[in-house]
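Asks: I have a structure here, written as structure tokens, and I will follow up with some questions on it.
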Amino acid sequence: MSRRIIGKEEAGAYQRWEPPAVQGQETAAPADEPAPRLPTAEEIEAIQRAAFEEAREAGQRQGFAEGLASGQAEIARRAALLDALVQAQARPLEALDGEMEDQL
């Protein structure tokens with residue numbers, strides 16, 4: 001892409017574009033309404049602290065619920081494993097009793 005410098009002679013040959021006027025819509029606030037007040041730094045910090053605390057509490061509740069569910073699932077898994085171990089320990093005695101009855 002080559003750049004060409006426009007000289008003074010050619011510069012006068014342009015026509016400036018102006019946006020069309022839109023009627024029925026005001027661009028500036030009416031004079032009788034005061035401009036909106038911007039929050040102060042302290043107000044912004046208070047909003048930020050409140051949002052942080054709200055998010056922290058929500059995260060804590062969610063984490064607690066997930067941890068509780070995970071812990072309950074782990075307890076159920078270990079209880080089933082313990083039950084299986086107890087049953088496995090009881091079965092050899094049942095099998096031994098059955099073998100003893102057959103031999104007698």
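Asks: Is it the case that region 48-67 has a residue that's loosely packed, with under 10 Cβ neighbours inside 10 Å, modelled with pLDDT of 95 or more and not in a loop (DSSP other than H, G, I, E, B)?
Replies: no
Asks: Has region 35-43 got at least one residue that is outside any loop (DSSP other than H, G, I, E, B), loosely packed, with under 10 Cβ neighbours inside 10 Å and modelled with pLDDT of 85 or more?
Replies: yes
The values are calculated or read from the model by the stated rules, or taken from the named source; none is laboratory data. Bear in mind the structure is a predicted one, so any value in this text is a computation, not a measurement. No Cβ is skipped: glycine too gets one built from the backbone with ideal geometry, and neighbour counts run over all protein chains shown.
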